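My questions will all concern the structure given below.
The values are calculated or read from the model by the stated rules, or taken from the named source; none is laboratory data. Since the model is a prediction, treat every value here as computed from it, not as a measurement. Positions of Cβ are backbone-derived with ideal geometry, glycine not excepted, and every protein chain shown enters the neighbour counts. Each accessible area value is taken on the protein alone, full model and side chains, heavy atoms only, with ligands, DNA and RNA left out. Shrake-Rupley method; radii C 1.70, N 1.55, O 1.52, S 1.80 Å.
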Amino acid sequence: MLQVDIDKAVQLLDHMLEFFADDGHWTRGSYDDGKGGHCLVGALLHLGRKHGLPTAPAIALLQDAMPRPSLPLVHFNDKRCGSAAELRSVILKARRLAHNDAERERAAAAAKAWLLDQIQKRRSAATAHIEQTVSDQPIAPERLAA
């Protein structure tokens, strides 16, 4: 995930944490209960539209934060989640995963830059060695075929 996507996902997750700080904003069984309550996915979609943030990166992070791999977000919200506090803990876990991804991406970029620099240094050294070897040898006269 690109850093810009991670940053926007974290913004959206922060808005979700603020939204679900009031336990009364959490609902089950529908995206929007008509009284200001939303389920996990409903809040994500609503807040994404409201703040002009993309939802796909946050969905990916929330999916990775699920207590069981491949547990759909809607199923978690409606059947597995026991409280708004548990919902907030999953959102916080998704936020931590976002920061881990960003740190991993920065480390990978630094390693790539170092490797490319090492390759360039070795190529330069090899080229210099070849040029020195060629210039040290006398040029042999060509033999002509008879």
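Suppose we keep only residues that are part of a loop (DSSP other than H, G, I, E, B) and open to solvent by 70 Å² or more (accessible area, probe 1.4 Å) within region 59-71. Which one would you say is nearest to Leu17 (Cα to Cα)?
Across region 59-71, the extreme among qualifying residues is Pro67.
OK, next. Could you tell me which residue of region 13-36 is nearest to Ala60 (Cα to Cα), considering only residues that are touching a His at 6+ places or on another chain (Cβ under 7 Å) and in a helix (DSSP H, G or I)?
Taking the candidates together, the pick is His15.
I'd like the full set of residues that are touching a residue at least 40 places away in the same chain (Cβ under 8 Å) and either open to solvent by 60 Å² or more (accessible area, probe 1.4 Å) or basic (Lys, Arg) (or both), limited to region 72-99.
Arg88, Leu92, Arg95, His99
Another question about this same structure. Under 9 Å by Cβ, and 6 or more places apart or on different chains, what pairs join a residue from region 3-20 that is within 15 Å of Gly36 (Cα to Cα) with one that is crowded, with 19+ Cβ neighbours inside 10 Å and among the aromatic types (Phe, Trp, Tyr)?
Taking only residues 6 or more apart or on different chains, the pairs are Phe19/Trp26; Phe20/Trp26.
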